1. State which residue pairs qualify: first residue open to solvent by 70 Å² or more (accessible area, probe 1.4 Å) and inside segment 116-139, second residue at pLDDT 95 or above and among the aromatic types (Phe, Trp, Tyr) in any location, beta carbons under 9 Å apart, and separation of 6 or more residues or different chains.
2. With the condition kept exactly as written, say whether any residue in segment 174-189 is over 21 Å from Ala96 (Cα atoms), modelled with pLDDT under 95 and among the β-branched types (Val, Ile, Thr).
3. Filter segment 113-138 down to the residues that are in a helix (DSSP H, G or I) and either touching a strand residue (DSSP E or B) at 6+ places or on another chain (Cβ under 7 Å) or farther than 24 Å from Gly55 by Cα (or both) and list them by number.
4. For segment 33-55, name all the residues that are within 15 Å of the chain's Cα centre (by Cα) and buried (at least 20 other Cβ atoms within 10 Å of the Cβ).
5. Output the residues belonging to segment 143-160 that are modelled with pLDDT under 95 and open to solvent by 40 Å² or more (accessible area, probe 1.4 Å).
6. Which condition number does Asn28 fail, the rest of (1) part of a helix (DSSP H, G or I); (2) farther than 21 Å from Ala172 by Cα; (3) open to solvent by 60 Å² or more (accessible area, probe 1.4 Å) being met?
7. Do any residues in segment 164-180 that are at negative phi have Cβ atoms under 8 Å from those of residues that are not in a helix (DSSP H, G or I), where the two are at least six apart or on different chains, and which pairs are they?
8. Do we find that Ala83 is among the hydrophobic types (A, V, I, L, M, F, W, C), in contact (Cβ under 8 Å) with a residue 24 or more places away in the chain, assigned to a helix (DSSP H, G or I) and in contact with a His (Cβ under 8 Å, 6 or more places away or on another chain) in this structure?
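The values are calculated or read from the model by the stated rules, or taken from the named source; none is laboratory data. Because the structure is predicted, anything quoted here is derived from the model rather than measured. Methodologically, a virtual Cβ is constructed for each residue, glycine included, from the backbone with ideal geometry; neighbour enumeration extends over all protein chains shown. These area figures cover heavy atoms from the full protein model, side chains too; ligands, DNA and RNA do not enter into them. Shrake-Rupley method; radii C 1.70, N 1.55, O 1.52, S 1.80 Å.
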Amino acid sequence: MNSYWADWSAYLPLALAALLVLWRPLWNLTRHAVTLAHEAGHAVAAVATGRRLTGIRLHSDTSGLTLSRGRPRGPGMVVTAAAGYLAPSLLGVAGAALIALDRTTALLWGAVGLIALMVPFIRNAFGLVVLVVSGAAVGVVAWYGTPTVQLHFGYTAIWLLLLGNLRTIVEATRHPTRGSDLDQLRGLTHLPRLLWSVVFVAVAVGTGVLAWRAQYAA
């Protein structure tokens, strides 16, 4: 264990992230960050599979919607639909890897860049506010924060994505809604919703384990 993680205070970001996810009054606010990452996953997957990204909406009830044009079925559509619940977990473990490589500043500016790329595709005012506030918060830490502040902020954001994504998957499984990602995947692949939920939970837990090892066992 490196010197940073030998100090008990190094576990504060994880504890803070858990509080932000588990305490509902805070979760009602911080879930917007997870939704942002979720919709970014849809958007990136759509572009990567040759679909035309037409718009992103982030709503005040913490839901979101990403629209793209292309074939209504096929592998590209499956990847695009699945990317939402994969993205926060994958972004979290990628962030953990960057910090382990002492690239915390690159992680923060990369997040600002990703948010900036989403701005032209936002189609509602609330979504724009979420992007501006999120980008500004990360940008301020990246520009003015000390290395220690950047480190703690980065770790907190990583665990917020990892734990928050797991919570959204569990909630989506327990309280199914018509037209959800899980419903789309069931219709596209003819595989049950529960199977997709198990896959997403497995990825969320697995990336959490990898992030833990990268941060605490490095």
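1. Pairs that qualify, where the first residue is open to solvent by 70 Å² or more (accessible area, probe 1.4 Å) and the partner is at pLDDT 95 or above and among the aromatic types (Phe, Trp, Tyr): there are none.
2. yes
3. If the condition is that a residue be in a helix (DSSP H, G or I) and either touching a strand residue (DSSP E or B) at 6+ places or on another chain (Cβ under 7 Å) or farther than 24 Å from Gly55 by Cα (or both), then Met118, Phe121, Phe126, Gly127, Leu128, Val130, Leu131 are the ones that fit.
4. Within segment 33-55, Ala33, Val34, Thr35, Leu36, Ala37, His38, Glu39, Ala40, Gly41, His42, Ala43, Ala45 qualify.
5. Across segment 143-160, the qualifying residues are Thr146, Pro147, Thr148, Val149, His152.
6. Status for Asn28: all satisfied but (2).
7. The qualifying pairs are Ala172/Ser180.
8. Here the answer is yes, as Ala83 does meet what is asked.
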